[in-house]
Amino acid sequence: DMNSVIVKAYQHLVEKGCRRIALVCSNSMRGREFLSNYKGFSSYPPDMFDQLKTLGQGINEELIYGGCKTAKLGYQAMYELWHCDNRPDGIIISDDNTAMGVGQAVLDLQIQTPGQLKLVTQATAGVSRDFPIDFTRVQFDLARIGRGAFGLLYRLMLHERDADRLILKAAICQGRTT
């Protein structure tokens with residue numbers, strides 16, 4: 001559920017004092033609208049940006065970079081964000097490849113994290129092991145999800161009434177970037 005990941009990341013950045021929060025994501029967008037994939041599915045609800053406004057100032061449309069599916073595009077987005085008039089003080093990054101590009105741009109531009117810029121990503125593949133920036137991450141506990149899924153299947157086999165419920169919540173894994 002990317003919506004809960006973005007909301008949790010946004011809340012975290014607001015709590016850390018950020019007022020100009022950017023979003024760099026791999027999903028294609030048209031303005032403030034996430035486009036559906038070829039199956040007509042989108043990871044984000046249409047009212048996500050309205051949800052964020054209830055938690056703070058929201059995300060300025062100028063600070064939204066969609067379609068950043070590669071490290072190169074993440075790098076370019078970070079470069080442009082850092083040189084715009086409305087420079088962000090916090091960035092949410094929604095993809096492993098994108099995070100690698102944003103991180104490389106942060107290093108190349110010599111941006112101090114968290115001093116000048118706070119970063120939160122949902123990326124996990126390789127980010128903490130292979131990259132010199134210790135990202136703050138919003139992620140799900142996969143071991144807990146596995147146990148919950150097993151318990152759900154077991155309750156279904158026993159025909160228990162609450163066998164249709166499994167709640168997954170994202171959590172902040174504190175790194176050095178916020």
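The values are calculated or read from the model by the stated rules, or taken from the named source; none is laboratory data. Everything quoted here is computed from the prediction, not taken from an experiment. A quick note on method: Cβ atoms are made from the backbone with ideal geometry, for glycine too, and the neighbour counts reach across all protein chains shown. Note: areas computed on protein heavy atoms with side chains; ligands, DNA, RNA excluded. Shrake-Rupley method; radii C 1.70, N 1.55, O 1.52, S 1.80 Å.
If R0 equals 35 Å, the separation of the Cβ atoms of residue 153 and residue 89 corresponds to a calculated FRET efficiency of about 0.20.
Computed from the Cβ-Cβ distance with R0 of 22 Å, the FRET efficiency linking residue 108 to residue 69 stands at 0.60.
Seen through its C-alpha gyration tensor, with square-root eigenvalues sorted a ≥ b ≥ c, the chain comes out prolate because a/c lies at 1.5 or above while a/b is bigger than b/c. Heavy-atom accessible surface of the chain, averaged per residue, reaches 56 Å², computed with a 1.4 Å probe.
Karplus-based coupling profile of the range 111-120, in residue order and whole Hz: 7, 7, 10, x, x, 8, 8, 9, 10, 10, with θ = phi - 60° in 6.51 cos²θ - 1.76 cosθ + 1.60 and x standing for Gly or Pro. Counted over the chain, the DSSP beta bridges are approximately 30% antiparallel. Each Lys or Arg adds one and each Asp or Glu takes one away; over the other residues whose Cβ falls under 15 Å from the Cβ of residue 174, this sums to +2.
Over the chain, DSSP H runs of length four or greater, each weighted -39,500 (n - 2.57), average out per residue to a 222 nm ellipticity of -11500 deg cm²/dmol. Across all directions, the average projected area of the convex hull around the alpha carbons of the range 15-112 is 6.4 nm².
Close amide-amide hydrogen proximity is noted between residue 91 and 22, 118, 119, 120, each under 5 Å apart and 5 or more residues distant or on a separate chain (H modeled in the peptide plane; Pro and chain starts excluded).
Seen against the Cα atoms of the chain and their longest principal axis, helix 96-108 is set at about 30 degrees. Put +1 on the Cβ of each Lys and Arg and -1 on the Cβ of each Asp and Glu in the range 36-178; which of 138, 173, 158 then has its Cα farthest toward the positive end of the dipole? Toward the positive end, the furthest listed residue is 158.
Using only Cα atoms, tell me the angle between helix 2-15 and the longest principal axis of the chain; keep it within 0 to 90° and round to the nearest 10. In the chain, helix 2-15 runs at an angle near 50 degrees to the longest axis. Expressed as a whole percent, the accessible area of the chain that falls on carbon and sulfur atoms is 49 (1.4 Å probe).
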